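No lab work stands behind these numbers, since they all come straight from the coordinates. A quick note: this is a predicted structure, and the numbers were derived from the prediction, not measured. Backbone-built Cβ (ideal geometry, glycine too); neighbour counts: all protein chains shown.
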Amino acid sequence: MKIYSAPLQGFTEAVWRNIHSRIFGGIDAYFTPFIRYEHNEIRSKDIRDVERKNNTVQYLVPQIIAATPQEMHPLIALLENEGYTEIDINMGCSFPLQARKKHGAGILPHPAMVAELLSALNDYPSMRFSVKMRLGWADKAEWRALLPILNDTPLTHITMHPRLGCEQYRQPADVEEFAAFAAECRHPLVYNGDILTLHDIEQCEARFPTLHGIMIGRGLLANPALGLEYKQGKALSAKELCDRTQAMHDAMYQAMAPRLQGNTQLLGKLKPYWEYLLPDMEKRYRKAIVKSNTVEKYMQAVNNALANY
Ligand SMILES: Cc1cc2nc3c(=O)[nH]c(=O)nc-3n(C[C@H](O)[C@H](O)[C@H](O)COP(=O)(O)O)c2cc1C
């Protein structure tokens, strides 16, 4: 079974991906956070994130978000130009700003729009496409109207995150509804949602033995060794996890420091990782990291937290 790294805006950009693959690995493909076409342009920040020269992971799949073929074409053209041969289409994003524009999970209640978007993929015979989606926006039956369209579209795989867009993350992932989807889906299928431990991966594989893969998001931020642990069939020791986490953190700091100015920008970028990283760390160490207001204090708090893990 493949292990994929999920796209997480603000977290799994090129710096994280490049360093994660070097220090932890165990991931068969990294999926980029979505890029979008808005106000007649693609943001330069998004372009930088997918440019080949900024990416060193072995297998990278860029993700796009669009409601119409018109919005989609410039994105595919950019990626084709960069030499990509595989693209993931986001039909799962639940951010209200995107969903309101019928982007991401906002498109799921509109099968005709999905059909129009997917039929435009025929314009790119040499590109391979996958879809990442939720069960629906407001109703868990929405996928039933979409699956015949998806089944008729040549896709490498579908990644299903079995929640509704409107519930964001409030409800647990619905594994029973995933099973119903799996029974009717004719494409290779990837499970995504709430995978946090090696045991979770093994349980999911046991329940769905024909799965093509599992995609992991927040669980990989929390334990960057998850993919590696699955490949090795055993969890890392606390010491090994700590040493590699320290190496990854320090490499991210080195990569980001020259680009981000001052305490505010650098801390604003690094601190959020600690909302997820090593969830069983003692509270007081995490608190010291989150409260630090200079880079010096932050680095001291991180070193202290890892030394005492
Ligand atoms: C902060 C954040 C940013 C996300 N950005 C994206 C994104 O750009 N594209 C996407 O398809 N999903 C995005 N997601 C959803 C995740 O890829 C994933 O589907 C979701 O977190 C469930 O998987 P997990 O429980 O393994 O994290 C994002 C989720 C979070 C929490």
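Which residue, chosen from GLN300, LEU198, LEU211, occupies the Cα position most advanced towards the positive end of the dipole of the range 191-300, where the dipole is computed from +1 (Lys, Arg) and -1 (Asp, Glu) charges on Cβ about the Cα centre?
Towards the positive end, the residue furthest out is GLN300.
How far apart, in nm, are the 7 Å Cα→Cβ label points at ARG144 and GLU275?
3.6
Under a Cβ-only charge scheme (Lys and Arg +1, Asp and Glu -1), can you give me the dipole magnitude of the range 27-125 about the Cα centre, in debye to the nearest 20?
360
For the range 238-307, what's the relative contact order in percent, using C-alpha pairs closer than 8 Å and at least 6 residues apart?
33
Compute the separation of the alpha-carbon centres of the range 146-211 and the range 41-87 and state it in Å as a whole number.
About 24 Å separates the Cα centre of the range 146-211 from the one of the range 41-87.
At 222 nm, what value in deg cm²/dmol follows for the chain if DSSP H runs of at least 4 each add -39500 (n - 2.57) and the sum is divided by all its residues, to the nearest 500?
-12500 deg cm²/dmol
With r defined as the distance between the Cβ atoms of GLN58 and ALA251 and R0 fixed at 25 Å, what FRET efficiency is calculated, to the nearest 0.05?
0.90
Obtain the nm distance between the two label points defined at ASN293 and TYR309 by a simple spin-label model: each point lies 7 Å from its Cα along the Cα-to-C-beta direction.
2.8
In a Gaussian network model over the chain where Cα atoms closer than 10 Å are linked, find which of ASN40, ASN55, ASN18 has the largest mean-square fluctuation.
Looking only at ASN40, ASN55, ASN18, the largest GNM fluctuation is found for ASN40.
Ranked highest first by average number of other Cβ atoms within 10 Å, how do 200-210, 57-67, 271-281 line up?
57-67, 271-281, 200-210
Anything over 20 Å Cα to Cα? Flag those among LYS45/LYS132; LYS271/LYS297; LYS2/LYS132; LYS269/LYS291; LYS101/LYS132, in the order listed.
Result: LYS45/LYS132 exceed 20 Å.
Between GLN265 and GLU116, what is the label-point separation in nm under the 7 Å Cα-to-beta-carbon projection?
In this crude spin-label approximation the distance works out to 4.1 nm.
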